[in-house]
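In what follows, a structure is listed as structure tokens, so that the remarks can point back to it.
The values are calculated or read from the model by the stated rules, or taken from the named source; none is laboratory data. Just so it is clear, the model here is predicted, and its values are computed rather than measured. Glycine also receives a Cβ, built like all others from the backbone with ideal geometry; neighbour counts cover every protein chain displayed. We work out accessible area using only protein heavy atoms, side chains counted, and drop any ligands, DNA or RNA first. Shrake-Rupley method; radii C 1.70, N 1.55, O 1.52, S 1.80 Å.
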Amino acid sequence: MKRLHWPQAAPGALRVDGAAFHHLVRVLRVGVGEAVELFDGKGAAFSAVVESLGAEALELRVGAAVAQGQRAPPAYLLQGLPKADKLDWVLQKATELGVDGVFPVEAQRSVAKLPRGADAKLARWQKIVDEAARQCGSAAVPTVGTPAPLDDVLRSLPPSTLVLVLDEEEQHLRLGAALTGKLEQPVALAVGPEGGWSREELAVARAAGAVGVTLGKRILRTETAGLAGLAVLRHLQGLLG
Ligand code: SAH
């Protein structure tokens, strides 16, 4: 199904021009009479049909909201800022796995701090998740936070969120075990950067009520750890696998 992100999507007639027109006509090559799906990025999707096609705009007839699949409690990824463009990849894959928000953390051991031109970066990150949500058929587009230190990010989460800090030095508590009986509440997985979380950050997180968990004996790279954690979470919640 050809899909378009349209934040104000609602039933009725809709004129589409500009970048969205370009995307539908030049990239997706829609034609008159063709069905497309609009999604609003907040969880609703609508079926639509192309009614007419001009040189610079097209008209859509937008129908009723399409029933969405199973809803799950929100899952957030708190990702210690990794090197170079690794976060781009994490954003794309985490969206595919059903994340609701990715909050980059300027961790004490992050080599990359808040990058110059942060606004441009944020716009690019948002574009990556938009694109990934559209590609995987999700009506919800994840939020991407502005990079901030761990304590600020923890304070910004909804109060009922269970925060699990992925810690390769935790010897006993497995992620799956920590989630037992907690599958109906929002969960945030906090993954350190390449150098891991500092002792101070682990202490800050514990003081804020977070729990340290392990994914097992293997030390995973930062970009693998969060995705593996999300896959476990979404599996236990019945959404994956
Ligand atoms: N401190 C280590 C490796 C850090 S791995 C070093 O430099 O040698 C980067 C991050 O991935 C960690 O902070 C942790 O959040 C996550 N991680 C990797 N392997 C993990 C595991 N087996 N269990 C839990 N978290 C893990």
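Looking at residue 224, is it within 9 Å of the ligand (Cβ to nearest atom), assigned by TED's automatic domain parsing to the domain that holds residue 152 and not hydrophobic (A, V, I, L, M, F, W, C)?
yes
For residues in region 83-108 being under 15 Å from residue 124 (Cβ atoms) and touching a Phe, Trp or Tyr at 6+ places or on another chain (Cβ under 9 Å), which is surrounded by the most Cβ atoms within 10 Å (Cβ to Cβ)?
Here the answer is 104.
Within region 1-43, which strands (runs of 3 or more DSSP E) (wholly inside it) include 2 or more residues that are over 27 Å from residue 99 (Cα atoms)?
Correct list: 12-17.
Could you please let me know if residue 90 is outside the structural domain of residue 18 (by TED's automatic domain parsing), at pLDDT 95 or above and closer than 20 Å to residue 7 by Cβ?
The answer is no for residue 90.
In the set 212, 216, which member is open to solvent by less than 70 Å² (accessible area, probe 1.4 Å) and part of a loop (DSSP other than H, G, I, E, B)?
216
Within region 184-197, how many residues turn out to be part of a loop (DSSP other than H, G, I, E, B) and either open to solvent by 50 Å² or more (accessible area, probe 1.4 Å) or within 10 Å of the ligand (Cβ to nearest atom) (or both)?
Here the count works out to 8.
Report, by residue number, each residue of region 50-62 that is closer than 17 Å to residue 23 by Cβ, open to solvent by 40 Å² or more (accessible area, probe 1.4 Å) and in a strand (DSSP E or B).
Result: 53, 59.
Quick one: residue 1 ticks every box in (1) surrounded by fewer than 19 Cβ atoms within 10 Å (Cβ to Cβ); (2) modelled with pLDDT of 90 or more; (3) of a type in the set (A, V, I, L, M, F, W, C) bar one, so which box is it?
Exception for residue 1: condition (2).
Pairs only if they're at least six apart or on different chains, beta carbon under 6 angstrom, first in region 74-86 and under 16 Å from residue 129 (Cβ atoms) and assigned to a helix (DSSP H, G or I), second charged (D, E, K, R) and open to solvent by 10 Å² or more (accessible area, probe 1.4 Å); list them, first residue then second.
Close Cβ pairs satisfying both conditions: 86/223.
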